[in-house]
Amino acid sequence: MTSQTSPQAAGGVADSRNTFKASQRLRQLFARYKILALLLAVAAIWLFFSMLTNGAFTSPRNLSNLLRQMSITGMLACGMVFVIIAGEIDLSVGSLLGLLGGVAAILDQGLGWPITATVPVVLLL
C-alpha cells in the first residue's frame, strides 16, 4: 500500500516550512542585534507619543523633564552595577528608594524640616 501526496498538501507543507524559516531568521536577527531591536522599539514608541501629543512629547521642556526624572533611576542603576558585579544582588533597593523618598517628602513638606536636617536623617536610615 503506497500513499500519494497531493500537490496541494505538498505545497501547504512547503509554505509552512518557508514561514517557519522566515520567522526563525527574524528571531535570529533580533537575537544577534539586540541593541538594534531595542533602539527600533524606542524609536517606535517615541514616534507614537510624538504623533499622539501633536509634537508636545518632543518639546524641549518635556525632554528636559524626562531627562531629569530618569537621572534618579540612572544613578541608582550605576550604583547597582557595582553590587551586581560583586555578586551581592539585593532586590530591596527599589523599595528602599521609594520608602526613603517618601520619608524625605514627609519630613520636608509635611513637618517643615529644613533640607539640611532631612538629608542626613534619610541617609542614616
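Structure above, values below:
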{"quantity": "Yes/no for L40 being at pLDDT 80 or above, surrounded by 10 or more Cβ atoms within 10 Å (Cβ to Cβ) and assigned to a helix (DSSP H, G or I)", "calculated": "yes"}
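Condition check ((1) at pLDDT 85 or above; (2) over 30 Å from P120 (Cβ atoms); (3) in a helix (DSSP H, G or I)) across all residues:
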| residue | (1), (2), (3) |
| --- | --- |
| T2 | no, yes, no |
| A10 | no, yes, yes |
| R27 | no, yes, yes |
| F30 | no, yes, yes |
| I45 | yes, yes, yes |
| M51 | yes, yes, yes |
| V83 | no, no, yes |
| G87 | no, yes, no |
| L97 | no, no, yes |
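The values are calculated or read from the model by the stated rules, or taken from the named source; none is laboratory data. These numbers come from a predicted model, not from an experiment. Quick reminder, even Gly has a Cβ in these numbers, built from the backbone with ideal geometry, and neighbours come from all protein chains shown.
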